[in-house]
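Shown next, in structure tokens, is the structure this report addresses.
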Amino acid sequence: MYYKIASLMLNSAQSASPASDIFIAQPDSNKEALAGKLFALIEINSKKSEALKIINFLVNTLNHNYYQNEKIILRERISALKVEHIFEAALAKTNKELADFLEREKIKINPSAFSITVGIIYENELHFSNIGKNRTLLFYRHREEMKNDLRQGRNVNQEIAEIKYRVADIGQNSKYPHIAPSNQKNEDKEKRPQVKAAIATKVFSNVISGSIPNGGYLFIANETLPEYLSNKQLTEIITKLSPTGAMEQIKNILGNINAYVSFLGILIKNTAGQKPLGAEAREEVAEVSAQNSISQLNSTEEKTEKLLTPSGIINFKKISGFVAAGFGKIKTSPAIGYNKNIFIKDKIFFKKKQTWAAGKRIFLFLRDIFANIFNLLLYIFKVCTNKQQARELAGRTKKKIRDSQQQTSKKIKDAWFWFKNLNKRNKIILSVACVCLFLLATNIIYTDLKNKKIAGEAALNELKKVVEQKQNQIDANLLYSNEEGAKKILDELKGLLEQLPQDTQAEKDYYTKIMMKYSEQMEVIGHVVKIDNASELADFSNLNNQANISNIELINNKIFSGDSGQKTIYTLNLEDNSVTAITDLSQPINYLELPFSDNSKNVFYLNDSSIIDLNVDANKLSSLSINLPEGAQNIAATGNYNNKYYFISKKDSQIYRYTKSESGFSGREKWTVAAKNFSYPVSLSIDGQIYVLEANGQVLKYLKGEKQDFNLDVIDPPLTSPKKIVVSQDLEFIYILEPANKRLAIFDKTGKFLSQYQFVNLDDLKDFSIDEKTKKIYLLNGTKVYIVDATHFKK
């Protein structure tokens with residue numbers, strides 16, 4: 001154990017002091033070995049009920065965010081993943097959740113009311129964050145005293161009563177006062193600890209990191225406790241007693257004080273390398289020096305290693321010891337020996353900075369490497385360009401290869417003759433030894449592989465447990481309609497799923513099972529309605545096997561479809577699903593695209609340089625004149641509203657408006673105000689305002705020719721290649737068809753995402769129409785028309 005920890009909490013019965021609490025986590029041994037022990041000293045000067053709510057929330061949230069972080073599980077495998085990183089992430093998450101909690105509970109509190117110290121002690125490392133008036137006192141031996149001990153051969157771990165301690169308050173962000181013992185002056189100014197800006201929040205705004213010195217103490221207390229006990233008293237109590245005994249002594253002293261205040265404290269002692277009490281009495285120890293202490297430590301380590309080493313393992317360390325014995329005359333200077341002793345107290349006050357010399361050394365190292373590579377290349381070039389040298393080099397190389405082959409062959413023959421000349425007894429012993437060595441090596445390799453397999457299975461089981469836990473959390477969030485929380489967990493789960501192996505059939509089956517549930521959860525969050533049973537109404541290829549339809553238009557319970565190649569308009573009567581064809585060879589039809597209708601029961605199709613007008617009642621075609629900018633191929637989309645007809649020009653990025661007369665469309669005028677309005681428009685629809693769909697999925701909204709502020713929610717997966725947009729004058733819905741993803745997305749008029757239909761079996765979607773009165777969706781897939789019941793109206 002690297003540390004001991006004890007706490008003190010003394011509240012007066014008549015106290016009207018702030019609400020307070022001390023929390024010391026009690027994780028299991030595995031989590032403590034991986035992540036250390038979390039502690040917190042909290043004092044909040046506010047209404048008692050509100051303060052207690054905040055304290056309970058902070059304790060539970062800090063404990064959960066730190067110990068339930070999945071990164072703790074991965075620490076053993078990822079060396080760059082440090083405890084301080086996990087601690088900082090837990091603080092950042094706690095800050096955000098605290099802000100949400102205060103807003104949710106409608107608690108208004110001044111940040112100056114908080115006095116909170118939260119930290120992690122891991123081995124002898126310390127990371128903590130402090131806000132408010134709490135005191136964080138470090139009791140340590142000065143470096144000069146440690147140096148004198150080493151020079152004079154005294155034991156570093158001598159009786160605590162003989163050691164003189166200094167005190168430093170390391171918890172204040174702006175000032176770090178240095179308090180010397182009463183019999184000394186402030187001769188040295190200690191450098192401030194390294195404060196890392198960990199998070200920019202309202203509560204925990206920084207983290208102080210360092211190490212507690214060997215035999216040192218960290219005492220965290222609220223503001224009132226050090227006012228009743230001086231530093232000298234605290235030093236005498238803390239350094240002479242065990243942490244638990246010291247806290248009991250402080251409690252007894254403060255209990256006799258007639259004060260109406262609370263006293264809080266946490267004491268942490270670094271016990272790394274120290275012997276338990278009474279060990280000196282049980283051992284007969286010679287005069288101890290710094291060198292002796294290190295030797296004893298090495299000896300103990302060797303004995304322990306010997307006890308734990310399985311029988312039959314070759315001791316390479318022992319073999320290397322014989323080699324190193326030849327260099328025994330090489331001695332280490334005292335200065336070097338002293339430099340190897342690291343004073344951990346200095347770690348918290350000092351951080352060695354790299355100077356320009358390090359950069360210079362790197363530059364010189366790289367220069368030498370490039371110089372050697374250049375010289376090698378130059379030598380090879382010279383050899384290759386000089387035929388005589390090349391032949392000589394080739395000859396020498398061949399000779400060396402031939403000599404090495406001969407030597408190897410000779411050694412093999414010599415070994416064989418040596419073995420052959422052995423007597424029978426020696427041959428048997430040698431053979432048995434070789435077999436034993438082979439079996440030993442095989443056993444070592446097998447054991448190593450088996451241990452690795454067991455460790456891999458344990459890691460995989462832990463990963464599976466985390467994955468299943470995340471999926472259960474998603475289900476719980478969806479059960480309470482918390483889609484935002486479910487989305488966050490899904491993002492975390494995605495990274496974990498990538499780590500699942502798929503080597504064996506069992507692993508593939510498990511991965512498939514998890515991915516199926518993951519897809520289902522994605523569909524729930526994405527509001528996906530799967531349609532795999534769309535009903536077929538008609539197939540226009542039964543009427544004309546060369547039919548090639550690209551659009552449909554719904555009017556008067558009939559669907560009209562234009563076929564530019566056949567110069568024909570097909571009609572599907574929804575009452576009896578009968579299909580007919582309308583054509584007029586007298587009309588110069590080359591193009592039947594971008595249909596739109598009006599209130600007079602007419603359907604209009606864009607032709608080369610005219611408009612084909614279909615009178616629905618009479619099933620008669622006629623041609624109307626129109627002056628299009630740059631021809632029909634330049635028109636991206638068309639629309640009609642209130643007897644005004646709108647056309648989008650790709651080339652000049654404008655919307656043109658026309659009026660209709662008996663002879664055609666006239667009165668062309670620019671409707672949009674800006675010079676350039678669109679990038680790649682693909683469709684438009686009008687409900688009093690014009691909605692323009694771009695090829696990248698963006699929807700632009702215009703009113704009286706000017707662009708309005710409007711954005712659609714981002715859906716999963718995002719819109720990447722939509723084809724058509726439809727808005728309704730009667731209901732607050734926006735429909736967008738995306739054939740590439742086989743879906744129809746629905747939004748309300750504010751841009752909020754509502755639902756998306758996924759058409760599983762339709763792989764050639766071209767167009768759609770909506771009948772909002774009957775709540776039906778009509779889809780054109782290839783040459784077939786399908787009908788689907790719409791369910792989003794119920795939401």
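Annotations for the structure displayed:
- Close Lys-Lys pairs in segment 35-97, where close means Cα under 21 Å and separation is 8 or more or interchain: 9
- Label-to-label distance, A113 versus Y260, with points set 7 angstrom from Cα along the beta-carbon direction: 2.0 nm.
- Total charge dipole magnitude, segment 10-122, about the Cα centre, Cβ charges on Lys, Arg, Asp, Glu only, Debye to nearest 20: 140 debye
- For segment 699-785, GluC sites (Glu not before Pro) are listed when DSSP marks them as loop and at most 16 other Cβ atoms sit within 10 Å of their Cβ; the list is E732, E772.
- Pairwise label distance in nanometres, N619 with N590, each label 7 Å out on the Cα-Cβ vector: 2.9 nm
- Most to least accessible of E507, E483 (protein chains only, probe 1.4 Å): E483, E507
- Counting only residues at least eight positions apart within a chain, or on another chain, the aspartates and glutamates with an alpha carbon under 14 Å from that of K558 are E575, D576, D617, D771.
- Cross-link partners of K704 among aspartates and glutamates, defined as those whose alpha carbon lies under 14 angstrom from its own and excluding same-chain residues fewer than eight positions apart: E669, D687.
- Cross-link pairs exceeding 30 Å in C-alpha to C-alpha distance, out of K269/K452; K676/K742; K601/K749; K644/K775; K106/K752, comprise K269/K452; K676/K742.
- Placing a label point 7 Å from the Cα of K651 along the Cα-to-Cβ direction, the residues of segment 608-632 with a backbone N closer than 11 Å are 628-632.
- In Hz, Karplus ³J(HN,Hα) per residue of segment 727-739 (6.51, -1.76, 1.60; θ = phi - 60°; x = Gly, Pro): 10, 10, 7, 9, 10, 8, 10, 10, 10, 10, 9, 10, x
- With 0.36 nm allotted per residue and the present C-alpha distance subtracted, the S242-F370 stretch has 40.1 nm of extension available.
- Estimated FRET transfer efficiency (A272, V435; beta-carbon r; R0 45 Å; 0.05): 0.45
- Taking 0.36 nm per residue of separation and subtracting the Cα-Cα distance, full extension of the segment from N60 to Q698 would add 225.3 nm.
- Zone residues, segment 578-609, relative to K776, backbone N less than 15 Å from point 7 Å out along Cα-to-Cβ: 578-579
- Compared with the alpha-carbon gap, the fully stretched path from T385 to K508 is longer by 38.5 nm at 0.36 nm per residue.
- For segment 100-105, Karplus couplings with θ = phi - 60° (6.51, -1.76, 1.60), whole Hz, Gly/Pro x: 5, 5, 5, 5, 5, 7
- D448 versus K164: modelled label distance in nm, points set 7 Å from Cα along the beta carbon direction: 5.5 nm
- Two-site FRET efficiency, K413 against E498, from Cβ-Cβ distance with R₀ of 51 Å, rounded to 0.05: 0.35
The values are calculated or read from the model by the stated rules, or taken from the named source; none is laboratory data. Remember, it's a predicted structure, so these values are computed and weren't measured experimentally. Using ideal geometry, Cβ is built from the backbone for each residue, glycine included, and neighbour counts are taken over all protein chains shown. For accessibility, only protein heavy atoms count, side chains too; no ligands or nucleic acids. Shrake-Rupley method; radii C 1.70, N 1.55, O 1.52, S 1.80 Å.
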